[in-house]
1. If only one of Thr56, Thr89, Thr5 is among the polar types (S, T, N, Q) and loosely packed, with under 11 Cβ neighbours inside 10 Å, which one is it?
2. Could you look through segment 72-86, keep only residues that are touching a residue at least 40 places away in the same chain (Cβ under 8 Å) and not in a loop (DSSP other than H, G, I, E, B), and pick out the one that is surrounded by the fewest Cβ atoms within 10 Å (Cβ to Cβ)?
3. Which residues, counting only those in segment 99-127, are surrounded by fewer than 16 Cβ atoms within 10 Å (Cβ to Cβ), in a loop (DSSP other than H, G, I, E, B) and not aliphatic (A, V, I, L, M)?
4. As an exercise: evaluate Ile64 against (1) surrounded by 14 or more Cβ atoms within 10 Å (Cβ to Cβ); (2) outside any loop (DSSP other than H, G, I, E, B) and give the number of the one condition it does not meet.
5. Give the residues of segment 63-95 that are within 22 Å of Cys29 (Cα to Cα) and among the hydroxyl-bearing types (Ser, Thr, Tyr), sorted by residue number.
6. Out of curiosity, is Pro36 free of Cβ contacts under 8 Å to residues at least 12 places away in the same chain and in a strand (DSSP E or B)?
7. Please enumerate the residues belonging to segment 10-31 that are at negative phi, in a loop (DSSP other than H, G, I, E, B) and without any contact (Cβ under 8 Å) to a residue 60 or more places away in the chain.
8. Run Lys46 past the list (1) surrounded by fewer than 13 Cβ atoms within 10 Å (Cβ to Cβ); (2) part of a strand (DSSP E or B) and report the number of the one that doesn't hold.
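Each value in this text was obtained by applying a stated rule to the coordinates, not by laboratory testing. Everything quoted here is computed from the prediction, not taken from an experiment. So basically every Cβ, Gly included, is an ideal-geometry build from the backbone, and we count neighbours across all protein chains shown.
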Amino acid sequence: MRGETELNRISGEINGAGITVHRRVGPGCLESAYLPCFALELQRRKLDFRREVALTLRYDALVIPRAYVADFIVEDCVVVEVKAAAAITDRDRRQLQTYLEIEGCPLGLILNFGALKLVDGIKRVVNHFPHGSRRLSGEPYPR
């Protein structure tokens, strides 16, 4: 499991990637414009990530594959949701919290590229930080 220092380093790199994209592209575009640019900046920072990660919802015996799709999971420990809205809402935060619980990740970030300054559009959400929780599927947090 990753410790607090390592998670904070990774989140700092993620935020830096987002800030670079925001400075170059600017606010006011659609999410679809920011996603590939952000992926490129993560690659440049040599961060391992998965894009458009299907998340399975389990409700008793019912299994709903691809119930949700996370924009990015970085280094198997940080879920990143990209937004391009006027403001981040409680619904956005709850959505990310659900993704963290399903994946068992300890940290999530909402990057709202719709903000005039990206720093004002970053929301950090934690899930039993720094270790995360057990995945809802019952599998342990990835190491």
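1. Details: Thr56 fails: loosely packed, with under 11 Cβ neighbours inside 10 Å; Thr89 fails: loosely packed, with under 11 Cβ neighbours inside 10 Å.
Result of the check over Thr56, Thr89, Thr5: Thr5.
2. Taking segment 72-86 as the starting set, the residues that turn out to be touching a residue at least 40 places away in the same chain (Cβ under 8 Å) are 74-78, 80, 82-84.
Then drop every residue that is not not in a loop (DSSP other than H, G, I, E, B), which leaves 74, 78, 80, 82-83.
Values: Val74: 23, Val78: 24, Val80: 25, Val82: 20, Lys83: 22.
By that ranking, first place goes to Val82.
3. The one that is surrounded by fewer than 16 Cβ atoms within 10 Å (Cβ to Cβ), in a loop (DSSP other than H, G, I, E, B) and not aliphatic (A, V, I, L, M): Lys117.
4. (1)
5. Listed by number, the list holds a single entry, Thr89.
6. Judged against the criteria, Pro36 is not a match.
7. If we filter segment 10-31 for residues that are at negative phi, which is where we start, we get 10-25, 27, 29-31.
Then keep just the ones that are in a loop (DSSP other than H, G, I, E, B); that gives 27, 29-30.
Of everything in segment 10-31, just one residue is at negative phi, in a loop (DSSP other than H, G, I, E, B) and without any contact (Cβ under 8 Å) to a residue 60 or more places away in the chain, namely Leu30.
8. (2)
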